[in-house]
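The values are calculated or read from the model by the stated rules, or taken from the named source; none is laboratory data. Small disclaimer: the values here were computed from a predicted structure and weren't measured. Backbone-built Cβ (ideal geometry, glycine too); neighbour counts: all protein chains shown. Areas reflect the complete protein model, heavy atoms only, side chains present, ligands, DNA and RNA absent. Shrake-Rupley method; radii C 1.70, N 1.55, O 1.52, S 1.80 Å.
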Amino acid sequence: MLSLYPTPNATLLSSPTTFSQSSSPPRSTRSPPLFLTTPSPFNFSINKTKSYIFQPFISNSNNQVSFRFRMLHDSLPPLPENRIVLGVGGAGVDFLAAVASYPNPDDKIRTTSLMVQGGGNAGNALTCAARLGLSPRLISKVANDTQGRGILEELQADGVDTSSVVVSEEGDSPFTYIIVDNETKTRTCIHTPGYPPMIPSDLSQTSLSSALDGARMLYLDGRIHETALLVAQEAARKNVPILVEGERIREGLDDLLKLADYAICSAKFPQAWTEAASIPSALVSILVRLPKIKFVIVTLGEDGCLMLERSVDGFIETLFLAEAPQSEEMDVDILLELLKRRKDDNIAIPTCVSSPVTKLRANGVGTVCGRLFVGTAEKVPPSELQDTTGAGDSFIGAVLYAICSNMPPEKMLPFAAQVAATCCRAVGARTGLPHCTDARLASFLS
């Protein structure tokens, strides 16, 4: 007989699997069923020795109640108290073709390997967040085709709630061809959007309210911008913090950034969006132009990342800057060079150095009061580096976890860099995504 006892502080130990309510104790399976609804999970222990988490679902085939099962272990640190994050954006299929070297025009070459797996910025970031222990929900759109069903099944297998994903009876699901260059360890993406595209009327008010219910964070990858704006406006009304990704300049992105509490950008975005002379000056410009933003991060690949954190809210900052003497200002580009000198390039693991709270000036831009952080990337041995696909998405997934866990920036940036480096040790955006039990993350999660 199965005896059940609550285990409120248990944490994820192994991958999800499923079993029927009427079946015997759970057994592992690699073929997760397709589910429509995902109520909140609840925890149990069996015979007071092993701990599990069971998440109930309604199967779309026979309406039978089923459960997702995950084994837990009490010796690991507790998960964040509120770990529900909602993501709005792209989820698709990636066709990853690895080649010895990138082809020249009119070449005919062969792949060294071929992999098909789920992709899309939001889908990847939320998969990462789920493996770290969060409870992600996704708003996106796919077609009722083979690829669309596969997209949903793979997300559900990793614990992502897809009950708010719109499934079109006609059209095609999004997909991306990715050429992985084994010589340079780079990837080239050729994306085909899904059709028909998602529009605000696809999302009912009931679905919107349900998706945001209890959410700790909202993450927007910048796609399906009209729907994303609708969700962001409702999130702002409910005081749900919003993280916006600035991968590149997109239609409607400015409206999303105005509502953002946090922003994470690709290397080229800050200067492209602000037209500033340098990345540090661009980060100052972002905080000047977006007074709601608490911090902005720019990821720089093997060069790590930069983060500018606002030290006070926008209104108080205006008063502070008006009263602070001119002599206390520091040029942000000079400050960056000073921080770089403090880095220890002999350390292989990700690290972080930061300035004290400073009145930072960017010539021709303005001033903000805050702290500048320089985060390093892990020095992954060439023999271990496989593919950078999804590295930025995994970084965002780790930052979502860090915010929900109230990690300080000094810990958050190395943690996110470590997660991204782990992702790069396998081909594809999701293959190498770590679980919270990964030994390489132990020092961050203890």
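On the stretch given as the stretch 218-229, residues that are within 15 Å of A260 (Cβ to Cβ) and out of contact with any Gly (no Cβ under 6 Å at 6 or more places or on another chain) total 5. In the stretch 201-226, how many residues are within 17 Å of L126 (Cβ to Cβ), open to solvent by less than 10 Å² (accessible area, probe 1.4 Å) and part of a helix (DSSP H, G or I)? Summing the residues that are within 17 Å of L126 (Cβ to Cβ), open to solvent by less than 10 Å² (accessible area, probe 1.4 Å) and part of a helix (DSSP H, G or I) in the stretch 201-226 gives 2. Scanning the stretch 434-446 for residues that are under 16 Å from the mean Cα position of the chain (by Cα) and open to solvent by less than 10 Å² (accessible area, probe 1.4 Å) yields a single hit, P434. Given the structure, is E251 open to solvent by 20 Å² or more (accessible area, probe 1.4 Å) and modelled with pLDDT of 95 or more? Yes; evaluated as a whole, the condition is true for this residue.
When you scan the stretch 309-322, do you find a residue that is modelled with pLDDT of 95 or more and of a type outside the set (F, W, Y), even just one? It would help to see each step written out before you state the result.
Taking the stretch 309-322 and keeping what is modelled with pLDDT of 95 or more, we get 309-310.
Now drop any that are not of a type outside the set (F, W, Y), which leaves 309-310.
Scanning the stretch 309-322 turns up at least one residue that is modelled with pLDDT of 95 or more and of a type outside the set (F, W, Y).
On the stretch given as the stretch 173-200, residues that are surrounded by 19 or more Cβ atoms within 10 Å (Cβ to Cβ), assigned to a strand (DSSP E or B) and touching a Phe, Trp or Tyr at 6+ places or on another chain (Cβ under 9 Å) total 3.
Within the stretch 262-277, being without any contact (Cβ under 8 Å) to a residue 60 or more places away in the chain and open to solvent by 10 Å² or more (accessible area, probe 1.4 Å) holds for A267, K268, Q271, A272, W273, E275.
The residue of the stretch 291-302 that is nearest to the chain's Cα centre (by Cα), among those that are open to solvent by 10 Å² or more (accessible area, probe 1.4 Å) and not acidic (D, E), is T299. Across the stretch 206-219, the number of residues qualifying as in contact with a helix residue (DSSP H, G or I) (Cβ under 9 Å, 6 or more places away or on another chain) and either more than 25 Å from E169 (Cα to Cα) or of a type in the set (S, T, N, Q) (or both) comes to 7. Taking the conditions (1) under 24 Å from N82 (Cα atoms); (2) within 20 Å of the chain's Cα centre (by Cα); (3) basic (K, R) in turn, K238 satisfies each one other than (2).
Quick one: in the stretch 245-284, which of the residues that are touching a Gly at 6+ places or on another chain (Cβ under 7 Å) and among the aromatic types (F, W, Y) is nearest to A417 (Cα to Cα)? Within the stretch 245-284, the match that is nearest to A417 (Cα to Cα) is F269. Do we have any residue at all in the stretch 159-169 that's in contact with a Gly (Cβ under 6 Å, 6 or more places away or on another chain), open to solvent by less than 70 Å² (accessible area, probe 1.4 Å) and in a loop (DSSP other than H, G, I, E, B)? Within the stretch 159-169, not a single residue is in contact with a Gly (Cβ under 6 Å, 6 or more places away or on another chain), open to solvent by less than 70 Å² (accessible area, probe 1.4 Å) and in a loop (DSSP other than H, G, I, E, B). Checked against (1) over 24 Å from K379 (Cβ atoms); (2) modelled with pLDDT of 95 or more; (3) of a type in the set (D, E), E337 passes all but a single condition, namely (1).
Residues that are over 16 Å from L335 (Cα atoms) and of a type in the set (G, A, S) were ranked within the stretch 345-370; the one that is most open to solvent (accessible area, probe 1.4 Å) is G364.
Comparison of S383, S446 shows that the only residue that is over 21 Å from I264 (Cβ atoms), free of Cβ contacts under 8 Å to residues at least 40 places away in the same chain, out of contact with any strand residue (DSSP E or B) (no Cβ under 8 Å at 6 or more places or on another chain) and among the small types (G, A, S) is S383. Could you tell me whether the stretch 227-242 includes any residue that is in a strand (DSSP E or B) and in contact with an Asp or Glu (Cβ under 8 Å, 6 or more places away or on another chain)? Looking for residues that are in a strand (DSSP E or B) and in contact with an Asp or Glu (Cβ under 8 Å, 6 or more places away or on another chain), one finds at least one in the stretch 227-242, hence yes. Strands (runs of 3 or more DSSP E) fully within the stretch 35-149 that include at least 2 residues being at pLDDT 50 or above and open to solvent by 10 Å² or more (accessible area, probe 1.4 Å): 92-99, 113-119, 135-139.
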